[in-house]
Every structure is written in structure tokens, then in C-alpha cells.
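Worksheet: one structure, shown below.
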Amino acid sequence: MTPMIPSNRDLEFDGNLTQARYELHKAIDRGGEAEQAAWTRNWGEAALTRAEGVSPDWDESGPSERLIQAASRATEIAANLHAALHRDAPVMSTAKEHLSSLRRQLLTINECLDAEDQ
């Protein structure tokens with residue numbers, strides 16, 4: 001069996017990827033449909049092949065319900081903290097309570113993210 005010679009359209013190689021990106025931007029900048037169609041003919045199959053081999057960074061199931069709830073709660077607490085600090089006469093004890101709650105909520109978010117990474 002003879003060794004496979006890499007194609008000049010193989011996007012696994014950084015140089016070819018750079019060239020494909022350059023040609024795409026050139027085709028878009030010219031604005032002509034002919035140039036864009038030529039790029040599609042030249043690089044489209046290589047792009048699909050590359051995309052099939054790339055694993056997604058994000059689990060397709062998405063974030064857990066606990067993470068979504070923690071993030072929503074953190075948003076509410078941050079809004080309350082913002083409101084407490086922007087009053088005409090802010091009550092610092094109230095702001096500190098909101099800050100403590102926000103810190104706890106951020107710890108929960110980090111725990112959820114750590115659990116999802118495993």
C-alpha cells in the first residue's frame with residue numbers, strides 16, 4: 001500500500017487552513033458570487049471533512065438545570081447588590097449581605113462547572 005500524499009486542500013495542516021481562510025475572505029471581500037462559488041468548490045468538501053473530525057468542546061446535552069438555576073440566582077443577587085449600592089443612602093450592611101450571597105452562589109456555579117467537566 002502506498003502512503004497517502006496529503007492534499008493541498010487538507011485542512012488538517014495549518015498552512016492549508018490559513019490559505020482557505022485567506023481565499024474565503026478574499027472571495028467575500030470581492031463580493032462576487034463566482035468567487036464564493038469557486039471557494040465552495042475548492043474548499044467545501046475539505047471543510048466538511050475537517051468538521052466531521054472535530055469533537056465538540058461542549059457536551060450536546062447542555063448545562064445542567066442546577067447550573068442554570070445557580071446562574072439565574074446569581075444574576076438576581078448581583079442586581080440586588082447593584083440596587084443596594086446605587087441608592088441615595090446605601091445601607092452597607094445590606095450590600096455586604098448581597099455580596100456574601102453572591103460569593104456563595106458563585107461557589108455553587110463553580111461546583112456545577114467542575115462536575116460537568118468530569
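Cβ separations smaller than 7 Å between residues 6+ apart or across chains give the following pairs from the range 92-108 residues that are farther than 13 Å from Ser72 by Cβ to residues that are surrounded by fewer than 15 Cβ atoms within 10 Å (Cβ to Cβ): Ala95/Leu85. Only one of the numbered conditions (1) farther than 24 Å from Leu107 by Cα; (2) over 26 Å from the mean Cα position of the chain (by Cα); (3) at pLDDT 80 or above is not met by Thr94, and that is (1). Against the numbered list (1) of a type in the set (Asp, Glu); (2) assigned to a helix (DSSP H, G or I); (3) at pLDDT below 75, Glu35 comes up short only at (3). Just one of the listed residues (Ala71, Ala89, Ala78, Ala51) is among the aliphatic types (A, V, I, L, M), within 18 Å of the chain's Cα centre (by Cα) and at pLDDT 85 or above, namely Ala71.
The values are calculated or read from the model by the stated rules, or taken from the named source; none is laboratory data. Every value quoted in this text rests on a predicted model; they were computed, and no experiment measured them. All Cβ positions, even for glycine, are placed from backbone atoms using ideal geometry, and neighbour counts span all protein chains on display.
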